[in-house]
1. In a strand (DSSP E or B) and buried (at least 19 other Cβ atoms within 10 Å of the Cβ), is that true of I385?
2. Enumerate the pairs (first residue in region 5-28 and touching a residue at least 60 places away in the same chain (Cβ under 8 Å) and small (G, A, S); second residue anywhere and outside any loop (DSSP other than H, G, I, E, B) and surrounded by fewer than 17 Cβ atoms within 10 Å (Cβ to Cβ)) with beta-carbon separation below 6 Å, excluding pairs fewer than 6 apart on the same chain, so at least 6 apart or on different chains.
3. Can you tell which of Y188, Y178 is modelled with pLDDT of 95 or more and farther than 27 Å from E9 by Cβ?
4. Can you tell me which residues in region 203-240 are assigned to a helix (DSSP H, G or I), in contact (Cβ under 8 Å) with a residue 24 or more places away in the chain and either acidic (D, E) or within 20 Å of G174 (Cα to Cα) (or both)?
5. Could you check how many residues of region 119-164 are over 30 Å from K108 (Cβ atoms), at pLDDT 90 or above and in contact with a strand residue (DSSP E or B) (Cβ under 7 Å, 6 or more places away or on another chain)?
6. List, please: which pairs have Cβ atoms under 9 Å, are six or more places apart or on different chains, and start with a residue in region 95-117 that is more than 16 Å from F194 (Cβ to Cβ) and free of Cβ contacts under 8 Å to residues at least 24 places away in the same chain and end with one that is assigned to a helix (DSSP H, G or I) and among the aromatic types (F, W, Y)?
7. Provide a single number: the residues in region 350-374 that are in contact (Cβ under 8 Å) with a residue 60 or more places away in the chain and among the charged types (D, E, K, R).
Amino acid sequence: MLLYDNLLETNMGNYGIRLPMSPARSEKILRFLAERRGLAGASEGEDSLAGPPPGSFPLLSLAGAAERLGLDSPLLSRRDLERVHEREFVARLYNDPGPGSLEGELLKTYELINADGSYNRYEPHKALKPLEELFRTILYRVSGSYLACRLALEPNPPGAAGRPGPSRQGPYEGFCFYLGGGQHHGRYDRGSGFCLLNDIILAARKIQEEGRASLIWIVDVDAHKGDGSAELVKFSRDRGETFAGKNPEIITLSVHMASGWPLDSESLAGAEKGRAPLVESDIDIPIAEGEEALYIPRLGEGLNLLEKRSGGRKPALVIVVDGVDVYEKDGLPSTRPLALSKGQCLERDRLIFSFVRQFPSAWLMAGGYGEDAWEPTALFLHSLIMDKC
C-alpha cells in the first residue's frame with residue numbers, strides 16, 4: 001500500500017523559505033513506478049479500492065485512507081497533539097491568547113532567524129503565502145503517519161461503500177509506505193530541525209491509546225539522529241504515562257551520522273541536561289565519516305539488538321523512518337559526512353524490509369533533499385514489485 005496526497009506537496013519558496021526541498025519528490029517516485037506499471041490507479045493520487053493489478057501497489061490519498069478506515073477526518077485532533085507535546089506549545093501552534101505564536105514557532109523550527117534577529121534563509125518579501133498557512137499542511141503531513149500505521153495494522157480493511165479491501169499477500173502484507181512524515185526532530189515543547197511536530201511518536205501513541213499495539217519498534221535510518229523521538233519516549237517513561245490504562249512500550253533504534261547536526265559541538269554545548277540531542281535512543285548506532293562500508297553490518301547488528309532489547313516480545317507494529325538523506329547525491333550540506341551509494345541505500349532498505357516483514361510496518365519517507373532525493377525510495381519500492389512479479 002502506498003499513501004500519498006498532492007496536498008502534501010509544499011513549495012517552501014511560496015512561503016519565502018529557501019531550503020533545498022524538492023516539491024516534486026513524491027511525484028517523481030510515483031511517475032517512476034507508474035511508468036513501470038508498478039502503481040494501481042490511472043492518475044497521480046487516485047485511490048485504488050478494487051485491489052492492485054498483479055505486481056503493483058495500490059495507492060490511497062489521505063482522505064481515501066480515512067474513508068477506508070471509517071474515520072470522520074484524516075486529520076489528527078488537538079487532543080492527539082497534546083497527548084505527546086506540551087499543552088502550552090500546542091496552544092501556541094493554534095495561536096491561542098498568551099505568550100508566543102505559531103509564526104514564532106515556525107521561525108525557530110525552520111531556523112529562519114538568527115540570534116541577532118536577522119533572517120536566515122527567509123525572504124518574507126518574496127512570499128506568496130503567509131507563513132501561518134504552513135501549519136495546515138504540516139498537520140496534514142503529520143496525520144498521514146497515523147493513517148499509514150492504521151493501514152499497516154488492518155488485515156483486510158473495508159473499502160469505500162462497503163467494498164472489501166484488496167487481499168494483501170506476499171511482500172505487501174502488513175506493509176504501508178507513506179510518501180510523507182518522519183519528523184523525528186520534533187521535541188516535547190518545541191520544533192527543531194525543520195520538524196514542528198513529531199508525527200512518529202504522535203502516531204505510535206495514538207495507536208497505543210486505541211489499544212491496537214503494546215510494543216512498537218521505531219527503526220530510524222535518517223542521516224540525522226532521531227533526537228526528538230528519543231526525548232519524547234524518555235519523557236513519557238519518566239512520567240510513567242499510561243495509554244488505554246496500560247504501559248505500552250516504544251523502543252527506538254537510530255542509525256545516524258556520528259558528527260554534524262544535531263551532534264555537532266555547538267548543539268551539544270548548548271543542549272539542556274536530559275534534553276535532545278543529549279538523550280540517548282534505546283539503541284544508537286553512529287556512523288563516522290568514511291565508514292560507509294560498515295553501515296549495513298552495523299544496521300544488521302542494531303536490528304538484532306532490537307530483538308534482544310525486547311526480551312523475546314514481538315512488536316505489534318514497526319515504524320521505519322526511511323530517510324534518504326544518507327544518499328551520496330543528497331542536496332543538504334549537513335549530510336555530507338554520510339554518503340551511501342544508490343546500491344547501498346537499496347541494500348539498507350531491503351535488509352530492514354526482510355527483518356520486519358513478519359510484523360506490520362509503516363514506512364515514512366522522512367529526510368531527503370535536492371532533485372535526486374526520489375531515487376533511493378523509487379528503487380526500493382520497485383524492487384518489492386519485482387519480488388511479486
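1. No: the conditions fail for I385.
2. Cβ pairs passing all conditions: G16/P124; G16/K126.
3. Y188
4. A203, A204, R205, K206, I207, Q208, E209, D227, E231
5. Within region 119-164, residues that are over 30 Å from K108 (Cβ atoms), at pLDDT 90 or above and in contact with a strand residue (DSSP E or B) (Cβ under 7 Å, 6 or more places away or on another chain) number 3.
6. G100/F89
7. Total satisfying the criteria: 2.
For every residue, the table says whether it meets (1) farther than 16 Å from V255 by Cβ; (2) under 22 Å from the mean Cα position of the chain (by Cα).
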position	(1), (2)
L294	no, no
L306	no, yes
A316	yes, yes
V320	no, yes
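The values are calculated or read from the model by the stated rules, or taken from the named source; none is laboratory data. As the structure is a computational prediction, the values presented were derived from the model and not from experiment. All Cβ positions, even for glycine, are placed from backbone atoms using ideal geometry, and neighbour counts span all protein chains on display.
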